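Bear in mind that the values in this text are calculations on the coordinates, not laboratory data. Computed from a prediction, not measured in an experiment: that's the story for all the values here. Note that each Cβ is placed from the backbone with ideal geometry, even for glycine, and that neighbours are counted across all protein chains shown.
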Amino acid sequence: MNDKIAAYAHPEVLVDTDWLAAHLEDPSVRVIESNEDILLYDTGHIPGAVHIDWRRDLNDATIRDYVDEDGFAVLCSRHGITPDTNVVFYGDKSNWWACYAFWVFQLFGHDQARVLDGGRAKWEVEGRTMTREKPAYAPSDYPRPARRRDDEIRAFQDQTLAHMRAGGPMVDVRSPGEFSGEITHMPEYPQEGVLRGGHIPGAVSCPWARAAQEDGTFKPVEQLRGIYQGELGLGEDDDIIAYCRIGERSSHTWFVLKYLLGYNRVRNYDGSWTEWGNMVRTPIERTAG
Amino acid sequence: MSRYPAALDEIIELFEMLSEEERRELLISYADAAVRHEPAGDEVFDLEDVRKDEECTDTVGVFLRVDEADGDRVEFRISLGSKVQTLTRAMTAILCKGLNGTRAGAVLDVPADFVPRIVGAELVRLRSQTVYYVLGRMKAAVKVYLNRRRAAAAG
């Protein structure tokens, strides 16, 4: 474990590329790639890695929700994962979808989970081995989780509305243009049917990228403290909700607050702006003209 | 008679015969081949449209040459930024191969309903914004070229 990772509140949830390279043959480790680019895994991946797609594998196909307990058990079984397997997530886009998948695994209480610092880009830049060979693992017997922990790390719209009315801290991790209401989607991304631009009243803007370095790794803990404690004034025991557009960028910030800084009560509002911005009679704030 | 240019029709028929796994493998092969359809430095085009749109994660350049002496047959070259997604790369190579040599007017008439037959219903459902982008850009380039030519002829 490098010094930067050792300094985080929960260093056990982050691994560097050296660690992963040394554990590729470790049968207790399962490497999982999760990307925005749905075919990127097929073009080459870390040897032994399996692919989990956020929409196909983690989302329910007919309800805007995640798979249920049975679905999660089936997914893990398919990839030979047991409750004791150390799953290590990595992916494109500075690990947005890796953090999202990590968060979903936490919904089901799979505690043996880690994220590869720097994700796919860092592994590639370092010239490490990639392969197109897809691994085949014997199906495992993954027991159905007793429950999905929505109440602990996930915020629904009605809870977020109550939180807003109570003046609770909320972090909007989208781009400044999305926060102000100038645009309703990420720069360079398609409009996805949001009727209004703006943010949840009372939310503060802190784009997810502020937690990342140029190479996609997380910033050192002192810098993260300077942003979230120093600038935003968030305390370790504050009840914090993070949101973005559909919950992927806020998974990144949720990971930073909960594991790298050790905040105790952080929830990801995965409905995010695509729900809030369209909800009838739900207030918004705008700072753009 | 097929509503698609013959070369595109062949590609569609090939994809439709494949299993999901084979379909993905062929898409990756096409994505790898996209670089072959980039413009060479000394090529001259009738229209160059290089831009970064909100529908795509990086810059895409469409370069069009139209051979008026040969019945308005088109030749496309397409440049892709490094962050362009794999599916877009694959569609670029497929469409260059499938549409090059087609008459300009016929490009505009190509219906987009072949896309799910190539990439499969699942990928369309999962990434619907990505799969139609390049076709739209190629048609737009042809339309602009024809409009300009029409305006020049009228002027």
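List of remarks:
- In chain A, a dipole from Cβ-located charges (positive for Lys and Arg, negative for Asp and Glu) runs towards its positive end, and of A:Val29, A:Ala136, A:Tyr259 it is A:Tyr259 whose Cα lies farthest in that direction.
- For A:Arg267, nonlocal amide neighbours, meaning residues 5 or more places apart or on other chains whose placed amide H falls under 5 Å from its own, are A:Ile240, A:Ile241, A:Ala242.
- For chain B, relative contact order (Cα pairs under 8 Å, six or more residues apart, normalised by length) works out to 28 percent.
- Size descriptors for chain A, from the alpha-carbon set: Rg then Dmax equal 18.5, 57 Å.
- FRET efficiency estimate (nearest 0.05) - Cβ-Cβ, A:Glu285 to B:Asn147, R0 30 angstrom: 0.10
- Which of A:Lys134, A:Lys122 has the fewest Cβ neighbours within 10 Å, and the rest in rising order: A:Lys134, A:Lys122
- Of the DSSP H helices in chain B, those whose Cα atoms cover at least 30 Å axially and whose Kyte score averages -0.5 or more: B:133-154
- Shielding of peptide B:24-33 by partners, expressed as the average count of other chain Cβ atoms within 10 Å per residue Cβ, is 2.
- Degrees separating the helix A:96-107 axis from the principal Cα axis of chain A, which is the longest one: 90
- When the trypsin sites (Lys or Arg not before Pro) in the range A:167-256 are filtered for DSSP coil states and for at most 16 other beta-carbon atoms within 10 Å of their beta-carbon, the remaining sites are A:Arg196.
- As a proxy for reagent exposure, ranking B:Ser2, B:Ser19, A:Ser250 by other Cβ atoms within 10 Å from fewest up yields B:Ser19, B:Ser2, A:Ser250.
- Shape parameters for the range A:3-148, alpha-carbon atoms, Rg then Dmax in Å: 14.5, 45
- For A:Glu124 and B:Asp109, a Förster radius of 51 Å and the Cβ-Cβ distance give a FRET efficiency of 0.80, rounded to the nearest 0.05.
- Local electrostatic count at A:Arg265 - Lys and Arg +1, Asp and Glu -1, tallied over other residues with Cβ under 15 Å: -3
- Under a 5 Å amide H cut-off, with hydrogens placed 1.01 Å from N, A:Arg149 pairs with A:Phe108, A:Gly109 among residues at least 5 apart or on other chains.
- The angle separating the long axis of helix A:69-78 from the principal Cα axis of greatest extent in chain A is about 30 degrees.
- Exposure proxy ranking for A:Tyr41, B:Tyr4, based on other Cβ atoms within 10 angstrom of each Cβ and starting from the fewest, stands as B:Tyr4, A:Tyr41.
- Based on DSSP H segments of at least four residues, each scored -39500 (n - 2.57), chain B has a per-residue ellipticity at 222 nm of -15500 deg cm²/dmol.
- In terms of its C-alpha gyration tensor, the range B:15-106 has an oblate overall shape, because the principal axis ratio a/c (a ≥ b ≥ c, square roots of the eigenvalues) is not below 1.5 and a/b does not outweigh b/c.
- Amide H contacts under 5 Å for B:Thr57: B:Gln85, restricted to partners 5 or more places along the chain or on a different chain, H placed in the peptide plane at 1.01 Å from N.
- Label-point separation, A:Arg132 to B:Asp70 (7 Å along Cα→Cβ), nm: 3.1
- Extension gain for A:Ala7 to A:Gln213 (0.36 nm times residue separation, less C-alpha to C-alpha distance): 72.5 nm.
- Length-normalised contact order of chain A in % [C-alpha pairs under 8 Å, at least 6 apart]: 21
- Backbone HN-Hα couplings from phi across the range A:247-256 [Karplus 6.51/-1.76/1.60, Hz, Gly and Pro as x]: x, 8, 5, 6, 5, 4, 5, 4, 4, 4
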